[in-house]
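Below: the structure, in structure tokens.
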Amino acid sequence: MKTDLTDTTASKINKALVKARRAIGTPAVGMVLTLVIVTDEENAYDALKAAGDASREHPSRTLLVIKRVSRSPRDRTQSRLDAEVRVGADAGTGETVILRLYGEVADHAQSVVLPLLLPDAPVVVWWPVNAPLDPAKDPLGALAQRRVTDTYACEKPVEELAARADAYTPGDTDLSWTRITPWRSMLAAALDQIACEVQGVEVEGEEFNPSCELLAMWLADRLDVPVKRSRSAGPGLTAVRMDTDCGPIVLDRADGSLATLSIQGQPKRAVALKRRDTAELIAEELRRLDPDDTYASALRYGVARLKSSESERGDAPAKGEREAVPAPVESAAKAPAAQATAQAPVKKAAAK
């Protein structure tokens, strides 16, 4: 069931939601959270489709906030709120409200969203594109327990990761981190099978893929060994090689779907490591709403390395040539003593 409201208010939208629920015979609210999506008109359809698929696992009220840019100075002074309310089959297993903000009201989106939040339920804000540099200080981000960004959609992902590290607040997360969850789980499981010490690691993947950078930082943070970052044609992450005193451990995924795990002295095994779509990533993030300390540790650990890497981008090695990453001990020496204590390295990787 769809209801269009032109030049409306938050009060009228709430009344339309109640009326729509009664019309389809479900007056009770059975949703577990409020998902606020902040995007533009171009990316609205894909974001809403991903949220609808994720709502099958997490029934939620989805608020899609679209800030429309007025063409003339006269239109910019005229504030208007248009809304589309979807309930029932048109909204998956929850409720969907599409909010289009015009004029000055676009600068005060939080005043529109606040009355529409589910009472006594967690709030998650997701920016598919154009996320603020400091999500926690954004007026909409301040309403949420979790703030989800995606550095993969940025023009300069590595610089964006450095900005995320500088502005990190408990509750922040990024879909580039979510994409490497299967990789981290598989690498941790591989190390659990052997009693060996890791001496060095190489991460291979696309040049400007933030997931590759995050995986390299996580391994350096958790294993306390030098990590090399190699470039490949992709797609995404293609391989991780760990040198141990018992022989190499290699997780190789050349085609973006099926990987091969090789451990010295054991037969090679095929591992399903397909590239997941956005709906699966959002569904994973909605499963836990507490701060992700592992992500925070990996993100903060790599700030110095990322900045030095960006400053040397002009004389970067050719494609296929390995790019050295500073040893973790050097980076840790630049961190405050309290932070270094909180991030004491361990010898085995830990899955999220």
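The values are calculated or read from the model by the stated rules, or taken from the named source; none is laboratory data. Just so it is clear, the structure is predicted and the values come from calculations on it, not from any experiment. Methodologically, a virtual Cβ is constructed for each residue, glycine included, from the backbone with ideal geometry; neighbour enumeration extends over all protein chains shown. Note: accessible area is taken over every heavy atom of the protein model, side chains too, but ligands, DNA and RNA are not part of it. Shrake-Rupley method; radii C 1.70, N 1.55, O 1.52, S 1.80 Å.
Does region 251-306 classify as rounded, prolate or oblate by the C-alpha gyration tensor (a ≥ b ≥ c root eigenvalues; a/c under 1.5 gives rounded; else a/b over b/c gives prolate, otherwise oblate)?
On the way: a/c = 2.31, a/b = 1.44, b/c = 1.60.
Cα axes put region 251-306 in the oblate bin.
Going by average Cβ neighbours within 10 Å, how do the peptides 243-249, 125-131 rank, with the highest at the top? Walk me through the numbers on the way to the answer.
Numbers: 243-249: 16.1, 125-131: 22.0.
The densest-packed peptide leads the list: 125-131, 243-249.
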Revision key, fill the gap. Cα-Cα longer than 30 Å, checked against K156/K274; K2/K156; K228/K268; K67/K137, kept in input order, equals K2/K156
Exercise for review: Could you please state, rounded to a whole Å, how far the C-alpha centre of region 87-144 is from the C-alpha centre of region 156-198?
Suggested key: 27 Å
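Within 9 Å, Cβ to Cβ, of G236, how many net charges do the neighbouring residues add up to if Lys/Arg are +1 and Asp/Glu are -1?
Numbers: positive: R179, R253, R275; negative: E206.
Here the count lands on +2.
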Review point. Once the other residues with Cβ under 9 Å from the Cβ of A136 are scored (Lys, Arg +1; Asp, Glu -1), what is the net sum?
Key: -1
Point to revise | Rounded to 5, percent antiparallel among DSSP beta bridges of region 147-263 | key: 70 percent
Exercise for review: Please work out how much accessible surface L133 shows to a 1.4 Å probe, ignoring ligands, DNA and RNA, in Å² rounded to 10.
Suggested key: 110 Å²
Revision key, fill the gap. Percent relative contact order for region 124-256, counting Cα pairs under 8 Å at least six residues apart, stands at 20 percent
Exercise for review: Can you check what the net charge comes to around T6, using other residues whose Cβ is under 12 Å from the Cβ of T6 (Lys, Arg +1; Asp, Glu -1)?
Suggested key: -1
